[in-house]
1. Within the group GLU38, GLU34, which residue is under 25 Å from VAL113 (Cβ atoms) and either touching a strand residue (DSSP E or B) at 6+ places or on another chain (Cβ under 7 Å) or among the acidic types (Asp, Glu) (or both)?
2. Within region 71-86, can you find the residues that are without any contact (Cβ under 8 Å) to a residue 60 or more places away in the chain, buried (at least 16 other Cβ atoms within 10 Å of the Cβ) and not aromatic (Phe, Trp, Tyr)?
3. Which members of region 51-106 meet the condition of being more than 14 Å from ILE7 (Cα to Cα), under 18 Å from the mean Cα position of the chain (by Cα) and among the hydroxyl-bearing types (Ser, Thr, Tyr)?
4. Return the pair list, or none, for Cβ contacts closer than 8 Å from residues in region 49-62 that are of a type in the set (S, T, N, Q) to residues that are part of a helix (DSSP H, G or I), at least 6 apart or on different chains.
5. What's the number of the only condition in (1) out of contact with any Phe, Trp or Tyr (no Cβ under 6 Å at 6 or more places or on another chain); (2) in contact (Cβ under 8 Å) with a residue 12 or more places away in the chain; (3) closer than 18 Å to ILE88 by Cβ; (4) not basic (Lys, Arg) that ALA17 fails to meet?
6. Filter region 34-54 for residues that are loosely packed, with under 14 Cβ neighbours inside 10 Å and of a type outside the set (Ser, Thr, Tyr) and give the result.
7. Among the helices (runs of 4 or more DSSP H) contained in region 47-140, which hold 3 or more residues that are under 26 Å from PHE36 (Cα atoms), aliphatic (A, V, I, L, M) and at pLDDT 95 or above?
Amino acid sequence: MDTSKFIAKILGVCFLAAGLGYILSGQHWRNIFEGFSEPSVSTFLFSLALIVAGMAIVKYHNIWQNNWKIWITLYGWICLIKGTLFLIFPNFPSSFIHLLDEAPDDYFIGAGVVNVLIGLMFGYFGFIHKELNKSMENAM
(Lines give C-alpha, C1' and ligand atoms only; values in the text may rest on other atoms or scores of the structure.)
Protein backbone atom coordinates (compact mmCIF):
# COMPACT_ATOMS: atom_id res chain seq x y z
CA MET A 1 0.00 0.00 0.00
CA ASP A 2 1.16 3.50 -0.82
CA THR A 3 2.54 5.32 2.25
CA SER A 4 0.51 8.44 1.47
CA LYS A 5 -2.74 6.50 1.33
CA PHE A 6 -1.90 4.61 4.52
CA ILE A 7 -1.17 7.81 6.48
CA ALA A 8 -4.25 9.50 4.98
CA LYS A 9 -6.40 6.60 6.22
CA ILE A 10 -5.01 6.93 9.75
CA LEU A 11 -5.40 10.70 9.80
CA GLY A 12 -8.87 10.48 8.28
CA VAL A 13 -10.15 8.13 10.96
CA CYS A 14 -8.45 10.09 13.79
CA PHE A 15 -9.74 13.50 12.66
CA LEU A 16 -13.22 12.13 12.01
CA ALA A 17 -13.42 10.44 15.42
CA ALA A 18 -12.05 13.50 17.23
CA GLY A 19 -14.43 15.80 15.36
CA LEU A 20 -17.45 13.68 16.21
CA GLY A 21 -16.26 13.53 19.81
CA TYR A 22 -16.00 17.33 19.95
CA ILE A 23 -19.50 17.68 18.52
CA LEU A 24 -21.16 15.04 20.69
CA SER A 25 -19.17 15.47 23.93
CA GLY A 26 -17.83 19.01 23.97
CA GLN A 27 -17.94 19.42 27.74
CA HIS A 28 -15.97 16.20 28.21
CA TRP A 29 -13.25 17.47 25.85
CA ARG A 30 -13.22 20.85 27.57
CA ASN A 31 -12.46 19.03 30.85
CA ILE A 32 -9.70 16.99 29.18
CA PHE A 33 -8.03 20.08 27.73
CA GLU A 34 -8.19 21.83 31.09
CA GLY A 35 -5.84 19.10 32.32
CA PHE A 36 -3.21 20.73 30.10
CA SER A 37 -3.64 24.12 31.80
CA GLU A 38 -0.54 23.49 33.92
CA PRO A 39 2.61 21.65 32.85
CA SER A 40 2.28 18.03 33.89
CA VAL A 41 3.10 14.47 32.92
CA SER A 42 0.23 14.56 30.41
CA THR A 43 1.78 17.60 28.70
CA PHE A 44 5.11 15.79 28.54
CA LEU A 45 3.58 12.60 27.11
CA PHE A 46 1.46 14.53 24.62
CA SER A 47 4.58 16.41 23.48
CA LEU A 48 6.48 13.16 22.99
CA ALA A 49 3.57 11.65 21.04
CA LEU A 50 3.49 14.70 18.76
CA ILE A 51 7.24 14.48 18.17
CA VAL A 52 7.09 10.74 17.40
CA ALA A 53 4.14 11.15 15.02
CA GLY A 54 5.70 14.20 13.38
CA MET A 55 9.11 12.55 12.97
CA ALA A 56 7.56 9.41 11.48
CA ILE A 57 5.61 11.42 8.92
CA VAL A 58 8.53 13.72 8.10
CA LYS A 59 10.94 10.76 7.78
CA TYR A 60 8.72 8.53 5.64
CA HIS A 61 6.52 11.09 3.91
CA ASN A 62 8.48 14.28 3.27
CA ILE A 63 6.74 14.85 -0.06
CA TRP A 64 6.53 18.41 -1.34
CA GLN A 65 4.43 17.93 -4.47
CA ASN A 66 1.66 20.19 -5.68
CA ASN A 67 -1.11 17.72 -4.78
CA TRP A 68 -3.01 16.36 -1.77
CA LYS A 69 0.09 14.62 -0.37
CA ILE A 70 1.55 17.94 0.76
CA TRP A 71 -1.17 18.13 3.45
CA ILE A 72 0.24 15.01 5.09
CA THR A 73 3.76 16.43 5.02
CA LEU A 74 2.57 19.75 6.46
CA TYR A 75 0.70 17.93 9.22
CA GLY A 76 3.88 16.01 10.08
CA TRP A 77 5.92 19.19 10.32
CA ILE A 78 3.21 20.88 12.42
CA CYS A 79 3.22 17.93 14.85
CA LEU A 80 7.00 17.95 15.08
CA ILE A 81 7.24 21.70 15.68
CA LYS A 82 4.31 21.76 18.11
CA GLY A 83 5.66 18.83 20.14
CA THR A 84 9.11 20.40 20.28
CA LEU A 85 7.71 23.76 21.41
CA PHE A 86 5.63 22.04 24.10
CA LEU A 87 8.76 20.34 25.46
CA ILE A 88 10.97 23.43 25.33
CA PHE A 89 8.27 25.76 26.68
CA PRO A 90 6.04 23.65 28.98
CA ASN A 91 3.77 26.63 29.75
CA PHE A 92 3.09 27.16 26.04
CA PRO A 93 -0.01 24.90 25.93
CA SER A 94 -1.53 26.55 28.99
CA SER A 95 -1.53 29.94 27.24
CA PHE A 96 -3.99 28.48 24.72
CA ILE A 97 -5.95 26.31 27.13
CA HIS A 98 -6.98 29.35 29.18
CA LEU A 99 -8.73 30.68 26.07
CA LEU A 100 -11.14 27.74 26.37
CA ASP A 101 -12.39 29.15 29.67
CA GLU A 102 -13.79 32.12 27.75
CA ALA A 103 -14.92 30.13 24.70
CA PRO A 104 -18.65 29.64 24.23
CA ASP A 105 -20.09 26.16 24.55
CA ASP A 106 -20.53 25.85 20.80
CA TYR A 107 -16.77 26.33 20.27
CA PHE A 108 -16.32 22.57 20.33
CA ILE A 109 -19.10 22.13 17.78
CA GLY A 110 -17.23 24.44 15.40
CA ALA A 111 -13.92 22.72 16.11
CA GLY A 112 -15.66 19.38 15.60
CA VAL A 113 -17.03 20.40 12.22
CA VAL A 114 -13.56 21.51 11.10
CA ASN A 115 -12.07 18.21 12.29
CA VAL A 116 -14.81 16.20 10.55
CA LEU A 117 -14.15 18.07 7.29
CA ILE A 118 -10.39 17.46 7.57
CA GLY A 119 -11.11 13.80 8.40
CA LEU A 120 -13.37 13.48 5.37
CA MET A 121 -10.67 15.01 3.16
CA PHE A 122 -7.97 12.63 4.41
CA GLY A 123 -10.44 9.74 4.36
CA TYR A 124 -11.33 10.47 0.75
CA PHE A 125 -7.71 10.46 -0.33
CA GLY A 126 -6.90 7.41 1.78
CA PHE A 127 -9.89 5.20 1.04
CA ILE A 128 -11.54 6.39 -2.19
CA HIS A 129 -9.27 8.51 -4.38
CA LYS A 130 -7.41 6.77 -7.16
CA GLU A 131 -4.24 8.30 -8.50
CA LEU A 132 -4.62 9.77 -11.99
CA ASN A 133 -1.45 8.06 -13.19
CA LYS A 134 -2.57 4.63 -11.99
CA SER A 135 -5.98 4.95 -13.62
CA MET A 136 -4.34 6.08 -16.88
CA GLU A 137 -1.92 3.13 -16.79
CA ASN A 138 -4.82 0.73 -16.31
CA ALA A 139 -6.66 2.28 -19.26
CA MET A 140 -3.74 1.63 -21.60
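The values are calculated or read from the model by the stated rules, or taken from the named source; none is laboratory data. In this text, all values refer to a predicted model and were calculated from it rather than measured experimentally. Every residue, glycine as well, gets a Cβ built from its backbone with ideal geometry; the counts of neighbours run over all protein chains shown.
1. Result of the check over GLU38, GLU34: GLU34.
2. Going through region 71-86, the residues without any contact (Cβ under 8 Å) to a residue 60 or more places away in the chain turn out to be 71, 73-74, 76-86.
Still in the running and buried (at least 16 other Cβ atoms within 10 Å of the Cβ): 71, 73, 76, 79-80, 82-83, 86.
THR73, GLY76, CYS79, LEU80, LYS82, GLY83 - these are the residues of region 71-86 that are without any contact (Cβ under 8 Å) to a residue 60 or more places away in the chain, buried (at least 16 other Cβ atoms within 10 Å of the Cβ) and not aromatic (Phe, Trp, Tyr).
3. Result: THR84, single match.
4. ASN62/THR73; ASN62/GLY76
5. Among (1) out of contact with any Phe, Trp or Tyr (no Cβ under 6 Å at 6 or more places or on another chain); (2) in contact (Cβ under 8 Å) with a residue 12 or more places away in the chain; (3) closer than 18 Å to ILE88 by Cβ; (4) not basic (Lys, Arg), the lone unmet condition for ALA17 is (3).
6. If the condition is that a residue be loosely packed, with under 14 Cβ neighbours inside 10 Å and of a type outside the set (Ser, Thr, Tyr), then GLY35, GLU38, VAL41, PHE44, LEU45, LEU48, ALA49, VAL52 are the ones that fit.
7. On the way: elements: 69-88, 92-102, 107-123, 132-139.
Helices (runs of 4 or more DSSP H) meeting the threshold: 69-88, 107-123.
To keep it simple, each residue is scored yes or no on (1) over 16 Å from LEU74 (Cα atoms); (2) in a helix (DSSP H, G or I).
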position: LYS5; (1), (2): no, yes
position: LEU16; (1), (2): yes, yes
position: GLY21; (1), (2): yes, yes
position: ILE32; (1), (2): yes, yes
position: GLU38; (1), (2): yes, no
